[in-house]
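Note sheet for the following structure.
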Amino acid sequence: MGDQVLVLGSGGREHVLAWKIAQSQHVGQVLVAPGNAGTTGGKISNTDVPKAFPDLAQWCLDNKIDMVVVGPEAPLADGVADTLAAKGVPCFGPSAKAAQIEASKAFSKAFMDRHHIPTARWRQFTDAESACDFINSADFPALVVKASGLAAGKGVIVAGSKADACAAVKDILEDHQFGAAGDVVVVEELLVGQECSCLAFSDGKTIACMLPAQDHKRLLENDEGPNTGGMGAYCPTPQVDEATLKKIQTDILQKTIDGMNKDGTPYIGVLYAGIMLTKDGPKVLEFNCRFGDPEAQVLLPLLKSDLYATIMECVNGDLQSAMPQFHTDRAAVAIVMASGGYPGSYKKGMEITGIDKWENNEDKIVFHAGTATKDGKVVTSGGRVLGVTAIASSLSSALAEAKKGAEVVTFPGAVFRRDIGKRAIDYLENKRPGLSYAQCGVDIDAGNQLVQAIKPLAASTARQGCTAELGGFGGMFDVRAAGYTDPILVSGTDGVGTKLKIAQAYGKHDTVGEDLVAMCVNDILAHGAEPLYFLDYFACGKLDVGVARDVVKGVAQGCKLAGCALLGGETAEMPGMYAPGDYDLAGFAVGAAERGTQMPRVDAIKPSDVVVGVASSGVHSNGFSLVRRVVDAAGLTFQSSSPFSSKQSIGEALLMPTKIYAKTLLPVIRSGNVRAFAHITGGGLVENIPRVLPDSVGVKLDANRWTIPPVFGWVAGQGGVAEAEMAKTFNCGVGAVLIVERRKEEAVLEEVRKAGETAWVIGSCVESSQGQARVTIDNLTAALRAVQPTLKRTTQDGTANKKMKLVNGQAHRTKVGVLISGTGTNLQALIDHSTDPKNSSAAEIVLVISNIPGVKGLERAEKAGIPTKVISHKGYKKREEFDRKVHEALMEAGVEMICLAGFMRILSGWFVQQWTGSLLNIHPSLLPSFKGMNAHKLALEAGVRVSGCTVHFVVEEVDAGAIVAQEAVPVKTGDTVESLQERVKIAEHKCYPRAMELVARRLVAIDSQGKLVRSDRE
C-alpha cells in the first residue's frame, strides 16, 4: 500500500495536483478536501476535514496521512503548514512567515528591495489622500494599485489614468472593496512588456524551475474586459529565451530563496513569480506562495517525472535527489470555461455535458474547478468552472484542440476565450514587423547603458597622467606627467581562463575583473614596471548589462589596487559565438620603468642567491580546468559548502581574487635588493621561476618552509593529482617569487611584510646544467598531504556518496563551545565524557557561553576549569546582533563545533548558516515526531508507547536537521509530563556525549544538501 496524501482545496489547481500525484507509484490514495466533481475515481476521492488547523493535524495523524499538499494561499498564510509540522505531519507548502511573500504585497515589495530583486518602483499607503498625492507627483507612471492582503487574485487594478488610479485607491481604502485585505494599499510603477509566470520547487535551499507559462487574466479576447482569476494559460512561452530564463532563475527565484534563508524563514514548497519582460530585463510583478491556477493545468501535464517524489524531497530538504523533468517537445493549452456573469454574480447548478465525448485520450483532459454533483449529474458551482486542457506537439495544435474541447464541453451561459496563446503563436510564426539589429541579437541600447554605468567606475581610477574618461575613440596617457623622464614602456596581456566558468555557474561576477588586472600587471611587474593604464575586452553572446557592469566593477577595483587607470575597453556582443550566460575576458596593461632599471637583472643572479616566496590568495587564475574537474568528480557544485575553506561555499572560496602585487612589491623591487621577480602564473612554480633566471641557474625549494592553503591539499587528494602535476599547474601557495642577494633576505622580508604581504625564505638558487630540472621542490607531497581536508565518506547504506560535504579528518581534539541558559545538566554530561581519560575523547570543551548570568551551568563549567562568558541578549535590539557577538566570542576561542545544551534562544538564520554542519542540539523526542515545544505533552496526547531523545544538526527549520543519534525511552502507563521528562533526561545524558564524539571524530557529517553521511571508519 502506497502513501496516503491529502490535497487541500477545491479548484482546478487541486484537481490537477490530485491527478498528477495519483500517477506516482509511491501513492496509494489521494484524498481531496473538499474537492469537486472531478476529484473522484481511481485512487482519488473527496473527503471532509476539520477546519481548525489543530483539529486538522490530529485528523491527519488519526487517518495516517503521509503528506499534506496545500493548494490555495489562504491556509498557508494562516499557518496551516506550521501547525501540521508542529504535530509531525509532513506538509508541502511554506510557513506563515514565508507565505507573506504573497499574503502581504507590502512585505513582498520590501523584501525585494532588501535583497536587490528587480521589481517596479512602489510605495505603500493607509490613507487615500497620501496615495493620490503620490500618484499625481511620481516621476513614473504610478498606475498599478494593489490591495496588500489576499484578495483571491482580484486585488490588482491596472489603471488607465491617474484619475482612475486614485479612484481605485479610494475604492480599496475608503469603500473597503476588499475588506481587511485592503487596509494597506501598494501603488507601483506600471511596467511595460510581456508577462510570464515562472514557478519553481524549493526545499529551502535548492530550486528546480518549471517551464515558463503565460496566464490570461482578462475575461474577454484581445485582453479586454475585467480582471479575473485567470481565463486560460499555455506552456511553454517561446518569448522567454534561454538566457532570460537563466536570469530569472538566478536573479529572482534563487535570490528569493536565499533571501528567505538569510531572513530566517526558509521557503519550502512552490514559489511562483509573476514576471514582466521589460526592456531593462525581467522584473517581478508579484510572488505567489503556491501553484498558479490555471498555470498548474498546463505545467503538470508536461511534467514527465514523479511529482510526488519531488514533493517528498522538497519536504525532506533533498530536492536534488528528485529534480523534476518536463517534456520539452510538447506544448499545453488550457482554456477556462466560466459561468455567465463572472467575475460578477452568476447562476449555479447549470448542468455540464460533453466531458465524456471529448476527454477520450491522455492528451485531452478536463480539470474541474467550480463543479459539484447533483442528482447524479455534474453541475456548475462556481465562477471558473472547468479547465479544458490539450497537449500537442505545438502550441497552435494544442490551442486548436482545446478550442474544439470548449465547443464540445458545454453548459448554459458558458464564457471562454478562443485566443489563449495567440501571442506566442504569432511570435513563433514571426509575425513581427521589420528585422532589426536587436532582433538579430545585438542590443545597441544595452551597450550604451553599460557605457553610462561604467563611466564613473573608470573615472574613479584616474591618476597622474590621465583622467580615465570613457567614450572617445582612444585613450591618452602622459608618461611625463606620471613622473618619468626616460621611460621604457612595458606591456602585458592575459585573460582569466576557465575561472570564468565558476563565476558564471555561481552567479558572482564582481571579482573576475580584479583577476584580469592582476594577471596582466603582475606580469609587467616582473620587468620592474609600474602599471600606468589598463584596457579590457568583454565578449558575450547576449549582453547582460548587470553582469557586465559587475565585471567592470571588478576591473576598476583591480586598477585601484594596482595604481593604474582604466583607460578604455571593448564590449563585443556576438550572437551565436557564446552560449547563453557565457562571456570571456581579456586585458591589456601598459607600464613604465626608467631606462636602465628594468628587471630581471639576469646577469647579477648567482647560485648562492636566496628565493623569497610571497603568499598567494589561493588558486589565483590558473589551473581551473583541473579544479572544475575535481569538483565535478567529487559530486559537488559551486554552491556546496567548501571542504577546504570554513564557512564558505566552494564557489565563493575559488573566486577569491588573484593577488595584485604592484603597489606592495614595486618599492621592494626598485630598492636594489631584488635581482628578479617572477609571477607564478600558468605553468606553476616549475615553469615560471626559470623565466627570470640565467640558463646556468636553477632553484631548490622546500615546501615545508611556506604555508600551503588547504585548497591545494584538497585538489591533490580529492583528484589524485600527482606532485609533479601540482607543481607545474598551480602556485601551491606562492603567488610570486623574489630572487634576493644572500645576506639581504632579512631586509627584503621586512620590507615585504611591512607592505602587508606574507613572505618566507623558501629556497635558494643552485647551479644548473642542461638536462637538469631547473626547479626542484622537496617535501611537496608531504606538505600537500598535511593540509588535505578530505575524508572519504559513505552514506548510511554503505554506498559512495558523491554529494557529500567533506570535512577534515585531523587527529587533534575538536574544540567545542557549549551554549546554555540554565542548570546545564546536559553540559555536565558533555564535560564528564570529554574529561574522562578512559574515553580518549576527540572533543575538548574550550568555552561555555550563557545568555543569563549566575546560572548553575556556569558554575559547573568553572568547576571543571572551562572558560565561561556571559553575553546577555537584553542589550541587543535584533536577534542577529546578539548572535554576531556570540559568534565573535566563539571564533576568538577557536571553537570548531557548538553544542546547544538548554540554550533558550532562537538562533538567527545568519548564525545557523555560519555554523552549518558544526552545530548540534538535543530534542526530547524521537524526531521527526513532536517537533518544537511541549514534546512530552504531545507524545502523551498522541498515545505513543515509545518516546526518547534525538541529537541532530541544527538547520534553520526547527528540529529538522539530520539526525546524529537517538535514545529510546518507553512510555509507561500513568506517565505524566514530569515523570516522562525525568527518564528522557537520563537518556539525554547518554545520547548527547555519544553524538558529540561522533561529530568531533568526523565520523558523521552532513553533505551539501544537509543529509547525514558516515565515515568508513565509523
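Observations, loosely collected:
- Net charge over other residues, Cβ less than 12 angstrom from the Cβ of GLN297 (K, R count +1; D, E count -1): -1
- Along its first, second and third principal axes, ordered by size, the stretch 602-787 spans 50, 38, 24 Å in Cα coordinates.
- The residues neighbouring THR658, those whose beta-carbon lies less than 11 Å from its own, together hold a net charge of -1 under the Lys/Arg +1, Asp/Glu -1 convention.
- Gain in span if fully extended, GLN598 to ARG705, counting 0.36 nm per residue against the direct Cα distance: 35.6 nm
- Protection proxy ranking of 628-640, 822-834, 466-478 - average other beta-carbon atoms within 10 Å, highest first: 822-834, 628-640, 466-478
- Charge dipole of the stretch 260-319 about the Cα centre (unit charges at C-beta), most positive-ward option of ALA273, LEU285, ASN316: LEU285
- Descending semi-axes in whole angstrom, ellipsoid equivalent of the stretch 179-232, from the Cα gyration tensor: 25, 20, 13
- Net charge dipole size for the chain [Lys, Arg +1 and Asp, Glu -1 on Cβ; Debye, nearest 20]: 1600 debye
- For the pair ALA400 and ASP280, a Förster radius of 30 Å applied to the C-beta separation gives a FRET efficiency near 0.25, rounded to the nearest 0.05.
- Normalised by residue count, the stretch 1-92 yields a Cα convex hull volume of 82 Å³ per residue.
- Charge tally in the Cβ shell below 13 Å around VAL848, where Lys, Arg are +1 and Asp, Glu are -1, VAL848 excluded: +2
- Note on the stretch 921-1018: dipole from Cβ charges, positive end direction compared against ASN921, VAL1004, VAL954; the farthest Cα belongs to VAL1004.
- Here the Kirkwood formula, the inverse mean of 1/r across different C-alpha pairs, assigns the stretch 895-985 a hydrodynamic radius of 13.7 Å.
- Estimated dipole of the stretch 121-190 in Debye, rounded to 20 [Cβ of Lys and Arg +1, of Asp and Glu -1, Cα centre]: 240 debye
- The calculated FRET efficiency for the pair LYS606 and MET476, based on their C-beta separation and a Förster distance of 51 Å, comes to about 0.75.
- Segments 746-752, 46-52, 553-559, 893-899 sorted - mean Cβ within 10 Å per residue, highest first: 553-559, 893-899, 746-752, 46-52
- Calculated on the Cα set of the stretch 121-190, radius of gyration then Dmax: 10.4, 31 Å.
- Size of the stretch 490-641: Rg and Dmax of its alpha carbons, in Å, are 17.7, 56.
- Spin-label model distance (nm) - ASN839 vs SER321, 7 Å beyond Cα toward Cβ: 3.1 nm
- In terms of overall dimensions, the C-alpha atoms belonging to the stretch 49-182 reach 58, 34, 20 Å along their principal axes, ordered largest to smallest.
- These residues, GLU880, GLU242, go from largest to smallest accessible area, 1.4 Å probe, as GLU242, GLU880.
- Calculated FRET efficiency for the pair ARG774/ARG114, C-beta based, R₀ 45 Å, to 0.05: 0.20
- Model label sites at GLU746 and LYS162, defined 7 Å from Cα along the beta-carbon direction, differ in position by 7.9 nm.
- Selection from ASN46, ALA180, GLY232, by position along the positive dipole direction of the chain (Cβ): ASN46
- Accessible area per residue in Å² at 1.4 Å probe, computed on the chain: 41 Å²
- Measuring nothing but protein heavy atoms, the accessible surface of the stretch 440-594 at 1.4 Å probe radius is 54 percent carbon and sulfur.
- Only alpha carbons enter this Debye calculation for the stretch 570-697, each as an equal point scatterer, and the log10 of I(q)/I(0) it gives at q = 0.15, 0.16, 0.19, 0.22 Å⁻¹ is -0.96, -1.03, -1.19, -1.37.
- Label-to-label distance for GLU469 and VAL451 is 1.4 nm, based on points extended 7 Å past Cα in the beta-carbon direction.
- Size estimate for the chain follows the Kirkwood approach: the inverse of mean 1/r over distinct Cα pairs works out to 32.3 Å.
- The reciprocal of the average 1/r between distinct C-alpha atoms defines the Kirkwood hydrodynamic radius, which for the stretch 814-1014 equals 17.2 Å.
- Accessible area of the stretch 814-1014 belonging to carbon and sulfur atoms, whole % at 1.4 Å probe: 53 percent
The values are calculated or read from the model by the stated rules, or taken from the named source; none is laboratory data. Here the structure is a predicted model, which is why all the values come from computation and not from measurement. Note: ideal-geometry Cβ built from the backbone for every residue, glycine included; neighbour counts use all protein chains shown. Ligands, DNA and RNA are excluded from the accessible area calculation, which covers all protein heavy atoms including side chains. Shrake-Rupley method; radii C 1.70, N 1.55, O 1.52, S 1.80 Å.
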